[in-house]
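A.B. asks: Pasting in a structure now, in structure tokens, and then I'll have a few things to ask.
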Amino acid sequence: MAKRLFALALFCFGSCLLFSQTVLSGKFSSLDGTVPAGVNITIHPKYDMNSIVAFGFSDSKGSFRITMSHEQDSIALSVKSIGYTDTLLFLANQSQDLSILLDAKTYSLPEVRVRAAPIYRKEDTTIYRVDAFARQQDFSIGDVIKNMPGFDVSETSAISYQG
């Protein structure tokens with residue numbers, strides 16, 4: 001009976017070692033004193049950045065906790081967040097508590113001009129945006145309508161559409 005109990009304990013202990021999990025936890029801070037929240041954390045095999053072992057996000061206080069199972073002895077921890085420089089750390093595959101300092105980075109976006117389509121369809125109706133066809137030298141609405149495709153304005157100011 002004692003041999004069976006010992007064998008069962010050895011089996012349970014061995015299986016715990018085989019299926020052990022690594023816990024990475026920690027906190028983000030930044031040089032400018034802000035607390036980075038919602039930071040994207042991705043864990044990769046050390047030499048394969050296209051594969052993902054585990055991932056997670058930091059909370060509103062900048063803290064994170066990720067549990068993973070990975071058989072290799074090293075991992076790559078990728079940290080990305082808008083407003084901060086991307087960070088890549090190579091770590092031993094063991095449970096550890098990290099303190100990661102992020103560097104704030106500003107991104108300059110080019111100017112963008114959004115324009116609505118001058119003509120669009122809504123169900124069975126064709127809608128013309130009149131301001132898209134108006135020019136500075138137009139004197140009346142008749143002058144603007146002359147610029148719209150499909151419309152004709154006669155000398156007597158009669159408006160016709162496609163004949």
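A.B. asks: Given the options 26, 142, 62, which has the most mean-square fluctuation in a GNM of the chain, springs set between C-alpha atoms less than 10 angstrom apart?
C.D. replies: Judging by the Gaussian network model, the answer is 142.
A.B. asks: At a Cα cut-off below 21 Å, give the lysines reachable from residue 61, other chains included and same-chain residues fewer than 8 away excluded.
C.D. replies: List returned: 27, 80, 105.
A.B. asks: Same structure again: To the nearest 0.05, what FRET efficiency results for residue 67 and residue 112 with a Förster distance of 41 Å applied to their C-beta separation? Spell out each step's value before the answer.
C.D. replies: On the way: r = 42 Å, r/R0 = 1.01.
Here the calculated transfer efficiency is 0.50.
A.B. asks: At 222 nm, what helix-only mean residue ellipticity would the chain give, in deg cm²/dmol to the nearest 500, using -39500 (n - 2.57) for each DSSP H run of four or more?
C.D. replies: Value at 222 nm, helices only: -4500 deg cm²/dmol.
A.B. asks: Computed from the mean reciprocal separation of all distinct C-alpha pairs, what Kirkwood hydrodynamic radius does the chain have, in Å?
C.D. replies: 22.3 Å is the Kirkwood radius here.
A.B. asks: Please determine, in degrees from 0 to 90 and to the nearest 10, the orientation of helix 2-18 with respect to the longest principal axis defined by the Cα atoms of the chain, where the helix direction is its Cα long axis.
C.D. replies: Computed tilt is about 30 degrees.
A.B. asks: Pick from 57, 133, 90: which residue has the top mean-square fluctuation in a GNM of the chain where Cα pairs under 10 Å get a spring?
C.D. replies: Comparing 57, 133, 90 in a Gaussian network model of the chain, the most mobile one is 133.
A.B. asks: For the range 119-161, what does the alpha-carbon gyration tensor say about shape, rounded, prolate or oblate, given a ≥ b ≥ c as the root eigenvalues, a/c under 1.5 as rounded, and a/b over b/c as prolate?
C.D. replies: oblate
Any read-out appearing in this document is the output of simple, stated calculations on the displayed coordinates, not a laboratory observation. As the structure is a prediction and not an experimental result, all values here were calculated from the model. Here Cβ is always computed from backbone atoms with ideal geometry, including for glycine, and neighbour counts include all displayed protein chains.
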